[in-house]
1. Please find, within segment 7-49, the residue that is modelled with the highest pLDDT out of those that are of a type outside the set (A, V, I, L, M) and more than 17 Å from Leu120 (Cβ to Cβ).
2. Looking for whichever is at pLDDT 85 or above, over 18 Å from Gly8 (Cβ atoms) and not hydroxyl-bearing (Ser, Thr, Tyr) here; the options are Leu52, Leu108. Which one fits?
3. Report, by residue number, each residue of segment 1-38 that is touching a helix residue (DSSP H, G or I) at 6+ places or on another chain (Cβ under 9 Å), part of a loop (DSSP other than H, G, I, E, B) and without any contact (Cβ under 8 Å) to a residue 12 or more places away in the chain.
4. Looking at Leu57, Leu93, Leu108, Leu52, which one is within 23 Å of the chain's Cα centre (by Cα), in contact (Cβ under 8 Å) with a residue 60 or more places away in the chain and assigned to a helix (DSSP H, G or I)?
5. I need a count of the residues in segment 38-93 that are closer than 18 Å to Leu16 by Cα and among the basic types (Lys, Arg).
6. Here's a check for you: in segment 66-87, which residue that is among the hydrophobic types (A, V, I, L, M, F, W, C) and either touching a Pro at 6+ places or on another chain (Cβ under 6 Å) or free of Cβ contacts under 8 Å to residues at least 24 places away in the same chain (or both) is nearest to Trp114 (Cα to Cα)?
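The values are calculated or read from the model by the stated rules, or taken from the named source; none is laboratory data. Fair warning: this is a prediction, and the values are worked out from it, not measured in the lab. FYI the Cβ positions are ideal-geometry reconstructions off the backbone, even for glycines, and counts take in every protein chain you see.
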Amino acid sequence: MTKLFYEGGATGMGILTLVLLVVLALAVWNAVSVLKGETTDRERQLERFSYLKSAGLFGLICGILWQMIGLYQAFGAIQQVESISPAMLAGGLRVSTISTIYGMLIFLLAYLVWFGLMALRPKD
């Protein structure tokens, strides 16, 4: 797992890991609030749940952005060399998708938790 982390670029993967930690913190915060029944204002509760979805979407967008930055750098290197093997190109494309996959997993986790919290919240 750490190999993928470093292959994907420590900076971008570090940012995505921070976003994952924010998603997990929001998930715990909202779950505790729902399970304790602390939130009586429905609109405020839905607004807090939307933070979770927004953080997940931010993770997805960061993953895609990091992939585009990686592809831009790779194509710049290919342009300088002028000839490259298909295997080397495929390897570069594989590495560039690591951050996007990580961002998608963060997005999926955020949405699954959001769906679960929406099912648990008290109905009016």
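1. So, considering only residues that are of a type outside the set (A, V, I, L, M) and more than 17 Å from Leu120 (Cβ to Cβ), the one modelled with the highest pLDDT is Thr17.
2. On the way: Leu108 fails: over 18 Å from Gly8 (Cβ atoms).
Criteria check complete, one pass: Leu52.
3. Answer for segment 1-38, where residues must be touching a helix residue (DSSP H, G or I) at 6+ places or on another chain (Cβ under 9 Å), part of a loop (DSSP other than H, G, I, E, B) and without any contact (Cβ under 8 Å) to a residue 12 or more places away in the chain: just Glu38.
4. Values: Leu57 fails: in contact (Cβ under 8 Å) with a residue 60 or more places away in the chain; Leu93 fails: in contact (Cβ under 8 Å) with a residue 60 or more places away in the chain; Leu108 fails: in contact (Cβ under 8 Å) with a residue 60 or more places away in the chain.
Among Leu57, Leu93, Leu108, Leu52, only Leu52 is within 23 Å of the chain's Cα centre (by Cα), in contact (Cβ under 8 Å) with a residue 60 or more places away in the chain and assigned to a helix (DSSP H, G or I).
5. 1
6. Ranking the candidates gives Met68 first.
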